[in-house]
Structure formats: structure tokens, C-alpha cells
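Some notes on the structure that comes next.
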Amino acid sequence: MGLYQQGKKIGYSHTKLVRHGDQLQWEEQTLMRVLMLGAPQEIDLRIQATAGGDLQLRRANVALKTEAAVVSLTATVDGSDLRVTGSMNGDAVEQHIKLTEPVSLASLARQGFSFELPRPGLAIERRVFEPLTQQTVVVRFRIEGSGKENVPGMATEQGWKASQEMRGMRSQLWLSDRGEVLREEGPMGLTLVRETAQIATAVAADPGWDITAAAALPVRTLIDDPRHACALTLRLLGTDLGFVVTGGAVERTDQTLKIRQIDAAEIKDYALPYAGGDLQDELQSEPFVETNDEKIRLAAKKAIGDATTAVAATKALVDWVYRYVDKVPVASVPDAVQVLQSARGDCNEHAVLLAALGRSVGLPVRVASGLLYADGVFLFHAWNEVWLGVWVPVDATLNQTSADATHVRLAIGGLSGQSVLAQIVGSVSAEVVESATCSP
């Protein structure tokens, strides 16, 4: 299938399903060529999986290759245990996940349509495993309407219109009578179209589509001196903002968000490591934030020097990451150990590294993501929040130990949290209602 963005070919996706008795063999390759802040990036994702006749995953081999990342993972299911092993940029990966129900893969679960055949009202719901986030989520498919209809852009084809929903993101599908996907329209204006292999794989070396620019939200009212903004009222129209994580620096009323810079009087310093028992999730190691890695521990001790309190350590870590990591756009799976080795990356790489370093010295840190105002538009961005009696936004990409109020937090978490942001790309407009600038 050819992969397009607003009619421009940027890649392709190929899948193959073979049945051997009660076992299914699934192959999938997706190649995409894009620009990130003007820098060409090629993303090559390949999956080989074995599943039961009921689409339940037994084993999957996943390979991701970009300019900045080489990932090789194997997921094996044994009863209720899912074990992930492999490597990310040469570093060993091992993760154990306890399953509460059988899982499939999102692309494989869609094959349920080919087994049951499309018909009015048919609905499929499955829990699926996401290899790159190493989490399980629910995906839902449903046939819409009472019969087949014309497939957009395919004058001679008719298909069953269906929907797919996962992590709040919705895609529109058109299926053949055998359940094959003829066309898919997803977030960010991305469209897959069934084509011959020769046509689908004809992708220009530089398609000219900049994913960063495409995701930008322009605004009519400009913000003067945004890096010193201490308050912002922003209205986002075009989507339900119920998914927005509120509290701390962010308040929401219907479609309006109010963001404020945390006041110094709210901050409460304390000796490290944090002694409370209520923030374990923000202190422990997790996929891509390898708090317990020895290289991370050594780097954190070097970064904080003789700092023994939370405030002093926060300032030292933000400054160290800012100076250590070269600001280069990369297409990768943000991983703290890999960033420590390469010393390059964009906001995601800064955020995962700071989270790992902070947690390793007993400082509760989490990754936040959302929007950041710069050069007349709001861009998607990632930063951190550090526990200093309240959650204080900090930004190592900008070397801010108290992030300015144009940091519009929408989600908490790394890749899994950021995935919800895709649902607003191309469907949301931003309006600056009010902003205020405070003295540095």
C-alpha cells in the first residue's frame, strides 16, 4: 500500500499473512521518508510474528532502523507472561509484562475482518501489544453503515466503511468483501492506498514533507517574549480536551486551558533521596528510562556534583543535559542510555535523559508533553516535571529550571503518553486569549 500525506507519496506499507494449520505467520514492513526541521529522515519498521488461529500473539520479531536508532526486539508469550528481549542501539533490553488477557498486534488484529468477513454492525475489540512502547492497549474496529460504498480516490472500487480506534486516535478504513484494506485515512493527514508493489514502493529520496511543520498550530495573536511568559490562557478548538492531564500548572475549563509558571513560594526543598513513599512511579526504572543503569548513575553523580538537595540537583541536571546533548532532530525511540551515548537529539531525548538521571539520585521526575510556543506557532514538544513540593515544569532543551507558561501540558509519560497528541494534529486550532510576561 502506498503511504501518502495530503496526496504526497512519503512511503509504503506491505503485509503478508500465511496460515499453517492452526498457526498464522504475519509479516509487515513500513517505510517512511520525511523531514524533521528540514533534516531528511528514513524510518524502516519490520515485524515478523507468529500467532494462533485466533490471532493471539505467540512470538514477534521487531526491527526498527533510522539514522539515529537501531532496534531489534523479540516478544514471546508464554501463558500470561510476555517477555521482551533484544537490543536498542547496542544496549540489551529485557522486560517482563504480566498479561491479564491474550494479546495480538494492532495490524494483525485487523485481520479479524478477513476471518469473519465484513457485514453491517460487525465489531471487533482486542487487546494488543505495542512493541515500541512495550505496553498493551485496546483497539476497536467497527463496520459503519448498512452496505458497501464508493472508496474515495478509487473510482471503480466499492468497500465496507469501517473505523479503528486506539489510544483515542481514530482511523477510517474501507475494506473489500474479503476484509482486505483498500484505503485507510489516519491522523496527521496520513493515507494508505492499495496499489501494485511497483507503484507503492516508488518513493522519492526526499518527499519534501516536514512532519514538524505539518504538526504546528498557527495562532493569530503573537506572544511577545515567550521564554519569559508567566501566564497563558489558550483556547483549543476542534477536539474534546477531556484527555488533557490537569493539575499543578494547568487548569481546564471546557476548551480553554490556563497555564501558569510555578511561583517560587510554592517550592519546598528537601534532602535527596526523596523519602516519601507516594511517588514510586516517578522514581523507578521503566522502558527507555533506565534509572538503574550504571552509566546513568555515574553520569548523574557527575552532573549534580556536590548538590544534596532537590532544588540544587534540579538546577545542576537541567544545565548539564542542556550542555551535554546536541540539539539535532532525530527519528528514534527516545532512550536514556542511547542518548547518553550519542549526546544528540531533540526535546524527547533531552526529556528521557533528564528523567533517568534525576530518578537515579532519588529525585522524582516525569516526562510531560504537549505544545510549546515558538516563532508564531505552537509546536509539539516534550519536557519534564520535577517534584519540589509541587510538580515544577523544567525544560532541559531550553535550559529552563522553571519552564515558561507557553509549555502547554497535554499528557504525562513518554511514547505512550505522547501518542494521544496525534489525535489533535490537523484537527485543532489554537487561539491565544491572554498572556502575561514577568521579569526574569
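The values are calculated or read from the model by the stated rules, or taken from the named source; none is laboratory data. Fair warning: this is a prediction, and the values are worked out from it, not measured in the lab. Neighbour counts are summed over all protein chains in view; Cβ atoms, including those assigned to glycine, are modelled from backbone coordinates with ideal geometry.
Suppose we keep only residues that are crowded, with 18+ Cβ neighbours inside 10 Å and hydrophobic (A, V, I, L, M, F, W, C) within segment 86-96. Which one would you say is nearest to D293 (Cα to Cα)?
V93
Sort through I296, I267, I259 and tell me the only one that's touching a His at 6+ places or on another chain (Cβ under 8 Å) and either surrounded by 15 or more Cβ atoms within 10 Å (Cβ to Cβ) or farther than 30 Å from S429 by Cα (or both). Before you say what the answer is, go through the steps one by one.
Numbers: I296 fails: touching a His at 6+ places or on another chain (Cβ under 8 Å); I267 fails: touching a His at 6+ places or on another chain (Cβ under 8 Å).
Criteria check complete, one pass: I259.
Could you check how many residues of segment 358-383 are closer than 28 Å to A215 by Cβ and out of contact with any Lys or Arg (no Cβ under 7 Å at 6 or more places or on another chain)? Before you say what the answer is, go through the steps one by one.
Residues of segment 358-383 closer than 28 Å to A215 by Cβ: 358, 365-383.
Next cut, out of contact with any Lys or Arg (no Cβ under 7 Å at 6 or more places or on another chain) only: 358, 366-367, 369, 371-383.
Number satisfying all stated conditions: 17.
Among the residues of segment 196-237, count how many are in contact with a Ser or Thr (Cβ under 9 Å, 6 or more places away or on another chain) and over 25 Å from V377 (Cα atoms).
Step one: filter segment 196-237 for residues in contact with a Ser or Thr (Cβ under 9 Å, 6 or more places away or on another chain), giving 200, 217-219, 221, 223-237.
Narrowing further to those that are over 25 Å from V377 (Cα atoms): 200.
Residues in segment 196-237 being in contact with a Ser or Thr (Cβ under 9 Å, 6 or more places away or on another chain) and over 25 Å from V377 (Cα atoms): 1 in total.
Is there a residue in segment 132-147 that is over 31 Å from the mean Cα position of the chain (by Cα) and either among the acidic types (D, E) or within 24 Å of T74 (Cβ to Cβ) (or both)?
Our first condition is that a residue be over 31 Å from the mean Cα position of the chain (by Cα); within segment 132-147, this holds for 145-147.
Within this subset, residues satisfying the condition of being either among the acidic types (D, E) or within 24 Å of T74 (Cβ to Cβ) (or both) are none.
Looking through segment 132-147, none of the residues is over 31 Å from the mean Cα position of the chain (by Cα) and either among the acidic types (D, E) or within 24 Å of T74 (Cβ to Cβ) (or both).
Name the residue, out of Q198, Q172, Q158, Q164, that is surrounded by fewer than 16 Cβ atoms within 10 Å (Cβ to Cβ) and under 22 Å from the mean Cα position of the chain (by Cα).
Q172
Name the residues in segment 377-415 that are within 22 Å of V361 (Cα to Cα) and not hydrophobic (A, V, I, L, M, F, W, C), would you?
N384, E385, G389, P393, D395, T397, N399, Q400, T401, S402, G413, G414
Which residues, counting only those in segment 282-296, are outside any helix (DSSP H, G or I) and of a type in the set (A, V, I, L, M, F, W, C)?
Within segment 282-296, the first condition is being outside any helix (DSSP H, G or I), and the residues that meet it are 283-293.
If the condition is that a residue be outside any helix (DSSP H, G or I) and of a type in the set (A, V, I, L, M, F, W, C), then L283, F288, V289 are the ones that fit.
Name, by its number, the condition in (1) surrounded by 15 or more Cβ atoms within 10 Å (Cβ to Cβ); (2) at negative phi that does not hold for A213.
Just one mismatch for A213, condition (1).
Please identify the pairs in which a residue from segment 397-412 that is buried (at least 23 other Cβ atoms within 10 Å of the Cβ) has its Cβ atom under 8 Å from the Cβ atom of a residue that is of a type in the set (D, E) and in a loop (DSSP other than H, G, I, E, B), counting only partners at least 6 apart or on another chain.
Once the first residue is buried (at least 23 other Cβ atoms within 10 Å of the Cβ) and sits in segment 397-412, its partners that are of a type in the set (D, E) and in a loop (DSSP other than H, G, I, E, B) give T397/D346.
Pairs needed: first member in segment 237-252, assigned to a helix (DSSP H, G or I) and surrounded by 15 or more Cβ atoms within 10 Å (Cβ to Cβ); second member anywhere, modelled with pLDDT of 85 or more and charged (D, E, K, R); C-beta distance under 8 Å; at least 6 residues apart or different chains.
So the pair list comes out as L241/R252; L241/D254.
Can you say whether L371 is buried (at least 23 other Cβ atoms within 10 Å of the Cβ) and in a helix (DSSP H, G or I), as far as the supplied structure shows? Before the answer, list the steps.
Values: buried (at least 23 other Cβ atoms within 10 Å of the Cβ): yes; in a helix (DSSP H, G or I): no.
Criteria not met by L371.
Collect the residues in segment 61-110 that are touching a residue at least 24 places away in the same chain (Cβ under 8 Å) and among the charged types (D, E, K, R), keeping them in residue-number order.
E67, D91, E101, R110 - these are the residues of segment 61-110 that are touching a residue at least 24 places away in the same chain (Cβ under 8 Å) and among the charged types (D, E, K, R).
Just to check your reading of the model, which residue among R366, R359, R323 is under 23 Å from H228 (Cβ atoms) and not aliphatic (A, V, I, L, M)? First the steps, then the outcome.
Numbers: R366 fails: under 23 Å from H228 (Cβ atoms); R359 fails: under 23 Å from H228 (Cβ atoms).
Just one listed residue meets the conditions, R323.
Only strands (runs of 3 or more DSSP E) wholly contained in segment 100-163 count here; list those with 3 or more residues that are farther than 30 Å from E290 by Cβ and at pLDDT 90 or above. Lay out the reasoning, then the answer.
Numbers: elements: 123-130, 135-143, 149-151.
Filter on segment 100-163 gives 123-130, 135-143.
Restricting the search to segment 257-274, which residues are within 18 Å of C230 (Cβ to Cβ) and outside any loop (DSSP other than H, G, I, E, B)? Give the derivation first.
The initial filter retains those residues of segment 257-274 that are within 18 Å of C230 (Cβ to Cβ), namely 257-267.
Across segment 257-274, the qualifying residues are L257, K258, I259, R260, A264, A265, E266.
What residue, of T239, T233, T212, is at pLDDT 90 or above, farther than 18 Å from D395 by Cα and not aliphatic (A, V, I, L, M)? Write out each step before concluding.
On the way: T239 fails: at pLDDT 90 or above; T212 fails: at pLDDT 90 or above.
Answer to the check: T233.
Can you tell me which residue within segment 297-313, out of those that are assigned to a loop (DSSP other than H, G, I, E, B) and not small (G, A, S), is farthest from the chain's Cα centre (by Cα)? Explain how you work it out, then say what you get.
Narrowing segment 297-313 to residues assigned to a loop (DSSP other than H, G, I, E, B): 305-308.
Restricting the remaining residues to those that are not small (G, A, S) gives 306, 308.
Numbers: D306: 35, T308: 33 Å.
Among them, the one singled out is D306.
Table: residues versus (1) touching a Ser or Thr at 6+ places or on another chain (Cβ under 9 Å); (2) of a type outside the set (F, W, Y); (3) in a strand (DSSP E or B).
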{"residue": "A316", "(1), (2), (3)": "no, yes, no"}
{"residue": "V330", "(1), (2), (3)": "yes, yes, no"}
{"residue": "E349", "(1), (2), (3)": "yes, yes, no"}
{"residue": "L353", "(1), (2), (3)": "no, yes, no"}
{"residue": "W383", "(1), (2), (3)": "yes, no, yes"}
{"residue": "G389", "(1), (2), (3)": "no, yes, no"}
{"residue": "P393", "(1), (2), (3)": "yes, yes, yes"}
{"residue": "L398", "(1), (2), (3)": "no, yes, no"}
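For segment 144-153, does any single residue satisfy the condition of being under 26 Å from L24 (Cα atoms) and of a type outside the set (A, V, I, L, M)?
First, pick out the residues of segment 144-153 that are under 26 Å from L24 (Cα atoms): none.
No, because not a single residue in segment 144-153 is under 26 Å from L24 (Cα atoms) and of a type outside the set (A, V, I, L, M).
Among the residues of segment 1-38, count how many are of a type outside the set (S, T, N, Q), under 21 Å from A202 (Cα atoms) and surrounded by fewer than 16 Cβ atoms within 10 Å (Cβ to Cβ).
Here the count works out to 5.
Would you mention how many residues in segment 333-346 are in a helix (DSSP H, G or I), surrounded by 24 or more Cβ atoms within 10 Å (Cβ to Cβ) and not aliphatic (A, V, I, L, M)?
Number of matching residues: 1.
Tell me, which residue of segment 183-194 that is under 20 Å from F113 (Cα atoms) and either in contact (Cβ under 8 Å) with a residue 40 or more places away in the chain or surrounded by 20 or more Cβ atoms within 10 Å (Cβ to Cβ) (or both) is farthest from the chain's Cα centre (by Cα)? Before the answer, list the steps.
Let us first name the residues in segment 183-194 that are under 20 Å from F113 (Cα atoms), namely 183-186, 191-194.
Filter once more, keeping what is either in contact (Cβ under 8 Å) with a residue 40 or more places away in the chain or surrounded by 20 or more Cβ atoms within 10 Å (Cβ to Cβ) (or both): 183-184, 191-194.
On the way: R183: 24, E184: 20, T191: 19, L192: 20, V193: 24, R194: 26 Å.
So the residue we want is R194.
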